[in-house]
1. Since residue A:56 meets every condition but one in (1) among the charged types (D, E, K, R); (2) closer than 24 Å to residue A:239 by Cα; (3) at pLDDT 90 or above, which condition does it not meet?
2. Write out, first by first residue and then by second, each pair whose Cβ atoms fall under 8 Å of each other, whose residues are 6+ apart or on separate chains, and whose first residue, in the stretch A:169-183, is among the polar types (S, T, N, Q) while the second is surrounded by fewer than 14 Cβ atoms within 10 Å (Cβ to Cβ).
3. Do we have residue A:231 as within 13 Å of chain B (Cβ to nearest Cβ) and touching a residue at least 60 places away in the same chain (Cβ under 8 Å) here?
4. Anything in the stretch A:151-189 that is facing chain B (nearest Cβ under 10 Å) and of a type in the set (Ser, Thr, Tyr)? List them, or say none.
5. In this structure, does residue A:108 turn out to be surrounded by fewer than 18 Cβ atoms within 10 Å (Cβ to Cβ), of a type outside the set (Ser, Thr, Tyr), assigned to a helix (DSSP H, G or I) and within 14 Å of chain B (Cβ to nearest Cβ)?
6. Could you give me the residue pairs with C-beta distances under 7 Å whose first residue belongs to the stretch A:81-104 and is part of a helix (DSSP H, G or I), whose second residue is of a type in the set (Phe, Trp, Tyr) and modelled with pLDDT of 90 or more wherever it lies, and which are 6+ apart or on separate chains?
7. Just checking, which of A:311, A:236 is surrounded by fewer than 16 Cβ atoms within 10 Å (Cβ to Cβ) and assigned to a helix (DSSP H, G or I)?
8. Which one of these does residue A:212 not meet: (1) buried (at least 17 other Cβ atoms within 10 Å of the Cβ); (2) assigned to a helix (DSSP H, G or I); (3) of a type in the set (A, V, I, L, M, F, W, C)?
Amino acid sequence: MSAAEQLAVAPREATPAPLARRMRGLSDRAIAWLFIAPTMLLLLAINIFPLIWTVRLSFTNFRANRPNAEVVGVGIDHYVSILTDPDIWGPMQATAHFLFWTITLQTLIGFTLAYLIDRKFRGHGFWTTLILIPMMLSPAVVGNFWAFIYQPQIGLFNYAVSFFTGIPPSSFEMLGSVKLAPWAIIIVDTWMWTPYVMLICLAGLRSIPDYIYEAAEVDRASAWRQFWSITLPMVLPFIMLAVLFRGIENFKMFDLVNLLTNGGPGSTTEVVSITLKREAFEKWRTGYSSALAIILFVAVFGLANIYVKALNAVKNR
Amino acid sequence: MVVLYALITLVPLVWILLTSIKSPPDSISYPPKVVFEPSIEGYCNLFTTRSRQTEEYIKSLPPADRRLRQPGAAQQHGGGQPLELPAALRQLADHRRSARRCSRSASA
């Protein structure tokens, strides 16, 4: 027996006989399952199980602050009371307002920036990196420091506005007034997430091959015409993708709103996730809030599915 | 255009960075100070102090070991290990003192 053969045989012989017999009985597929199992178990435990548990709770009158109270099934009562409650439209409208303006602003600014950066001016890499910084910060940090900046007496925002317009700085409160509070949150969200839209648009713009533009040049198409007939149609799927991501994220926007206004003043900035938090952790109506969470989940899921259909239609055009 | 946007978006960030190295009176002054004497007091307190309570308040707390040694106290805490509260408090006070020293040396 040569040295190489010995080496090849060694691991097989080194495995204890019973284990080897057992292992040899396993098919490749079984081994694959064995390796995937931990991840699947973890995902089931932390993703799927809570979801199913929420569905279960939404049919009961369970309250998380009274764990020993008797849990009674109430059927679909919670769903009925949420869907027939006229007050639920307040948060829904706040969410829609927030969603509409953040997406519009972010898409417009993000696409414009991406278009300008795609021109590859001097040092564009450096400036792109700088623009991306807000996106990398934790929402908790962003919320806290914008609350500091919006502070009416000493905040930078009021000072800057009064510096440029001459309005006395303490005459308005970004977070405290009914009119301005939604806009304060829209500004912060736009500030934070425009780079994200920009990044996706930039990827789209970079993916357009140069030869299409060259062909257009040969056909003597104007720059305007090139933009409308080449750039925009080819980037549209990417823009729509960015809108989808931002839409889903902002529909359940919680962190920034919670830190900046916590739904206030009154309930002017109370988006649905804040309502959810108030029901679940201030009124402790766990069953009711579970039902609301399920309704929101179904709404987002349905809207996103419709949207993806539209996206695919645009892609295949 | 891009440069202008980048500069404007960076203003809040730079502001927070500046505020992080301001002394407490500077950070809440009006009009906002752009030129100031930097101090690392904030960072000192962040890494050395684990409580916002003053040293006097912590000292005024009743000695915890007396309460914990009462019969039945262990059951109140779920029957586990008795809480090591006095040691933790002493540590806190020590942290507090070192924080003071730190900020004093920083301003010096």
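The values are calculated or read from the model by the stated rules, or taken from the named source; none is laboratory data. Quick caveat, the model's predicted, so the values are computed rather than measured. Neighbour counts run over all protein chains shown; Cβ positions are idealised from the backbone, glycine included.
1. Result: residue A:56 passes all but (2).
2. Sorted first by the residue in the stretch A:169-183, then by its partner, the pairs are A:170/A:153.
3. no
4. A:159, A:162, A:170
5. On the way: surrounded by fewer than 18 Cβ atoms within 10 Å (Cβ to Cβ): yes; of a type outside the set (Ser, Thr, Tyr): yes; assigned to a helix (DSSP H, G or I): yes; within 14 Å of chain B (Cβ to nearest Cβ): yes.
Yes: the conditions hold for residue A:108.
6. Within 7 Å, the pairs are A:95/A:251; A:99/A:251.
7. After ruling out the rest, the residue left standing is A:236.
8. Failing condition for residue A:212: (1).
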